Structure formats: structure tokens, C-alpha cells
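Structure first, commentary second.
The values are calculated or read from the model by the stated rules, or taken from the named source; none is laboratory data. Because the structure is a prediction, the values reported are computed rather than measured. Every residue, glycine as well, gets a Cβ built from its backbone with ideal geometry; the counts of neighbours run over all protein chains shown.
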Amino acid sequence: MTPTPDAPETNPFFEDGVLLTFPKGLLGFEKLTTYRLVEPRDAYPLKFLQSAESETVSFICIDPAAVKRDYEVPLGQEEAEALSLESPEDAMILTMVVVPEDPRHMTTNLAGPLVVNVKTRQGRQIILNSEKYPLRFPVLIQD
């Protein structure tokens, strides 16, 4: 099963923020399992993931289709079953964004996507081969 990236019209209920559970946490934050996902109006494709357990932990995420149209997550059967994904449409894909001092050089990590079942609101971070999926993929096209 290869879920396709999220588009704003496919998950409108995320706009006001919802609680998501990552039973195994996120890489480096394994003990934090509950997050609020918020997409401020007019901010697509950016979203904010705020820990519900630690107010000091938050992440900027992006719909990877906005920066790499052909991005797909090769999700194995075990991962799909763990997330109770019945079809690719049940999956929302997000990647983490790093915003440096000069935001024109922000990047997203395509090697560590977050896969969320939009029906159950359960998620998992998937670790992919960083040779095929860059750790630092540019968000903005530079002239």
C-alpha cells in the first residue's frame, strides 16, 4: 500500500486542530505520544504539530506533495496493519520542516514521514532510506 500525500480538500477537519496519537512517539521524542495538529487558515501546505504533553515541543510539518509531487511512502503491510489503514485514502502524509535563520532555505525531511490514519487519528513515523529520500529537501525553489 502506498498512501498518497494529503491535499487540503481531503482532510478539512484538520483545519481547527485535532488530537493525534503516535503510540511509539516520534524519533527523539518517544515518550511524547499525543499531539494536536493545526493548520491555520491560509497556511496550506504548512501545519503545526504541538505536543499535548509538553508545551515546549512542537514541529512545523508540510504536505510533501506541495514540494515533491511524486512523493510516495512505501508502506509495508505490517505498518499499514498497525495503523489500521484500509485504503491509501485513509492516510495523511506529513513531513517535518526545518526553518533556518534564512527561511528561504527551509527544508523538509522526506526520509522520516509521519503517516496518520485520518479515521482513527493514529500515526506512526516511518524511517525510509535516506539515499532515495533526502533528509533535507528544499521547500522553496531558489532562483
Would you mind telling me which numbered condition in (1) under 25 Å from Leu19 (Cα atoms); (2) over 16 Å from the mean Cα position of the chain (by Cα); (3) not polar (S, T, N, Q) Pro103 fails? (1)
Filter pass, Leu140 being modelled with pLDDT of 95 or more and in contact with a Lys or Arg (Cβ under 8 Å, 6 or more places away or on another chain): no
Looking only at the range 106-143, count every residue that is over 14 Å from Leu49 (Cβ atoms), of a type in the set (Gly, Ala, Ser) and under 13 Å from the mean Cα position of the chain (by Cα) and tell me the total. 1
Check the range 76-91 and report whether any residue there is under 25 Å from Pro138 (Cβ atoms) and at pLDDT 90 or above. yes
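So is Glu72 at pLDDT below 95 and more than 15 Å from the chain's Cα centre (by Cα) or not?
Values: at pLDDT below 95: yes; more than 15 Å from the chain's Cα centre (by Cα): no.
For Glu72, the condition - at pLDDT below 95 and more than 15 Å from the chain's Cα centre (by Cα) - is not met.
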Condition first: under 15 Å from Val116 (Cβ atoms), modelled with pLDDT of 90 or more and among the basic types (Lys, Arg). Can you find one or more residues in the range 38-57 that meet it? yes
Here's a check for you: in the range 99-110, which residue that is at pLDDT below 95 and within 18 Å of Val57 (Cα to Cα) is surrounded by the most Cβ atoms within 10 Å (Cβ to Cβ)? Val99
The range 29-58, residues that are under 19 Å from Val99 (Cβ atoms), of a type in the set (Gly, Ala, Ser) and surrounded by fewer than 15 Cβ atoms within 10 Å (Cβ to Cβ): Ala43, Ser58
Anything in the range 55-65 that is in contact with a strand residue (DSSP E or B) (Cβ under 9 Å, 6 or more places away or on another chain) and not β-branched (Val, Ile, Thr)? List them, or say none. Ser58, Phe59, Cys61, Asp63, Pro64, Ala65
